[in-house]
Amino acid sequence: MKIGIIGSGAYAIALTSILENKNLNITMWTKFAKEYEELTTKHTNLTYLDYKLDNNINFTMDLEELITENNTLILAIPAKFIHETFKDIKTSLINHKILIATKG
């Protein structure tokens, strides 16, 4: 199963930590270049949480690609950023399973 996690903050990392040893193909998305660099090189995001993600977790800055390549999505970003995050998405979300794990 391929799962795309939309977000890379503490909440997204906590959710990913629960899933990372379940034999799933997981990709996390961030829109921030600095976070992406740390995630891809160290598998951490120390700005939010002192936790090292498993080496089998993948990362991307391309939200369209994340949506296209994963039919199950977990939305783990603050509620106030949902509109901004999805306003320019051209990829259809039809036939996707979406778990909304948004807070705030």
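Among the candidates T72, T44, T60, which residue alone is without any contact (Cβ under 8 Å) to a residue 24 or more places away in the chain and open to solvent by less than 40 Å² (accessible area, probe 1.4 Å)?
T44
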*Among the helices (runs of 4 or more DSSP H) lying completely within the range 1-92, list those that include at least 1 residues that are at pLDDT 95 or above.*
10-19, 33-42, 63-69
*Can you confirm whether the range 83-95 contains a residue that is in contact with a helix residue (DSSP H, G or I) (Cβ under 6 Å, 6 or more places away or on another chain) and at negative phi?*
yes
*Confirm whether Y11 is surrounded by 16 or more Cβ atoms within 10 Å (Cβ to Cβ) and of a type in the set (F, W, Y).*
yes
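The values are calculated or read from the model by the stated rules, or taken from the named source; none is laboratory data. Small disclaimer: the values here were computed from a predicted structure and weren't measured. All Cβ positions, glycine included, derive from the backbone under ideal geometry; neighbour counts span all protein chains shown. Surface areas here come from the heavy atoms of the whole protein model, side chains and all, with no ligands, DNA or RNA. Shrake-Rupley method; radii C 1.70, N 1.55, O 1.52, S 1.80 Å.
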